[in-house]
Amino acid sequence: MDSSNNMEALLNAAKECGCDYVLNEPLSAHTTFKIGGCCKAMININSAQSLKKLMDIAREYSLRYYVLGKGSNVLFDDKGFDGVILHIGSGFDRIRLVGDNTVRVQAGCSMMKLCRFALENSLTGLEFAYGIPGTVGGGVFMNAGAYGGEIKDVLKSCTVVTGKGEIKELDASQLELSYRHSALMESGDVVCEAVFELQKGDRDLIETKMNDLMGRRKDKQPLDYPNAGSTFKRPEGFFAGKLIQDCGLRGFAVGGAMVSEKHCGFVINKNNATSADVVSLIKQVQNIVQKETGQFLECEVRIIPYK
């Protein structure tokens, strides 16, 4: 069976699962960097069973695939992605209370929607995540955090589709959650659902804290330009943005990509940047900072090659 027939088999399976799809979809429309060429097809996932089936078929026919949420921490190639995007988004974002303090939420739910749901139910613990631009699945995958809080502080368990095609529930303790890391990064397991254990709180106090943190984001982060959040992980004992600033790299640019003048820890798409611009800028910043300070800045953004 040739590759076109393999693709047809996958798309037929998507139809059978009730999953919508589009061909030759520009990835710039699905990432916060607003960069990237087209993928061969993008399939919108609607259930854990659909995800499992489509992953199984893609593996069976050796079709390259990538599971994408809101695209808030990824950079696709200017040529695009030579494969299929399994998109976990608004068709897979159900959220509900399970008991008084426990929230069960599908992976495609945005972190913003989850935080607002917690507020509406007077549940505290997720205020730190208000303003994080990704999905719940992505948040669990990278143990997203901000302002002193992390996903690991409130996550009870998650349901995954494993690399072997099994659907199983994992306790949070099995995920090896640490700074911007989970065991999912090595296992290839894909988050379908997460369970958060929160606490009852005062609605007004929760809302005040959420608004305060959102205000801080707007004051300090370059939200007026496309970006993928913090570009570099924080070296132990240091702040990436300060290291970059101290090396005189505020406003340093390659093509349309630039180190933000507002916050040096962010690389922004200032003026129709290409992925090549961003990658070159990241490498130059890493080289200069390491040479001048001895600290290596590990890139936090996931760079996805065309092939």
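The values are calculated or read from the model by the stated rules, or taken from the named source; none is laboratory data. Please read these numbers as outputs of a predicted model, since none were measured by experiment. Here the Cβ positions follow ideal geometry from the backbone for every residue, glycine too, while neighbour counts run over all protein chains shown. The protein model used for the area step is the full one, side chains on, heavy atoms only, and it has no ligands, DNA or RNA in it. Shrake-Rupley method; radii C 1.70, N 1.55, O 1.52, S 1.80 Å.
Some points to look at:
- Lysines whose Cα lies under 27 Å from that of residue 307, excluding same-chain neighbours fewer than 8 positions away: 15, 34, 40, 52, 53, 70, 79, 164, 233, 270, 283
- Proximal aspartates and glutamates relative to residue 168, as straight alpha-carbon distance under 13 Å, when same-chain residues fewer than 8 apart are discounted: 189, 193
- In the context of the full protein assembly, residue 246 retains an accessible surface of approximately 90 Å², using a probe radius of 1.4 Å and ignoring ligands and nucleic acids.
- Antiparallel DSSP beta bridges within the chain, as percent of all bridges there, nearest 5: 75 percent
- Anisotropy class of the stretch 255-307 from Cα gyration tensor, a/c 1.5 cut: oblate
- Mean residue ellipticity, 222 nm, helices only, the chain: the sum of -39500 (n - 2.57) across DSSP H runs of n ≥ 4, divided by residue count and rounded to 500, is -9000 deg cm²/dmol.
- Under-5 Å amide H pairs with residue 258, H placed in peptide plane, nonlocal only: 268, 270
- The charge dipole of the chain, taken about its Cα centre with unit charges on the Cβ of Lys, Arg, Asp and Glu (plus for the first two, minus for the last two), comes to roughly 420 debye.
- Short to long, the 20 Å bins of the Cα pair-distance histogram for the chain hold 32, 58, 10, 0 percent of all pairs.
- The accessible area of residue 220, taken with all protein chains in place and a 1.4 Å probe, comes to roughly 120 Å².
- At a probe radius of 1.4 angstrom, the accessible area of the stretch 66-144 per residue rounds to 31 square angstrom.
- Residue 30 accessible area, 1.4 Å probe, all protein chains in place, Å² to nearest 10: 40 Å²
- Value of relative contact order over the chain, rounded to a whole percent, pairs C-alpha under 8 Å and six or more apart: 17 percent
- Relative contact order %, the stretch 11-124, counting alpha carbon pairs below 8 Å whose residues are six or more apart: 24 percent
- For q = 0.16, 0.18, 0.21, 0.24 Å⁻¹, Debye-computed log10 I/I(0) when each Cα of the stretch 200-288 counts as one equal scatterer: -0.65, -0.77, -0.95, -1.15
- Largest-first ordering by accessible area, 1.4 Å probe, given options 177, 54: 177, 54
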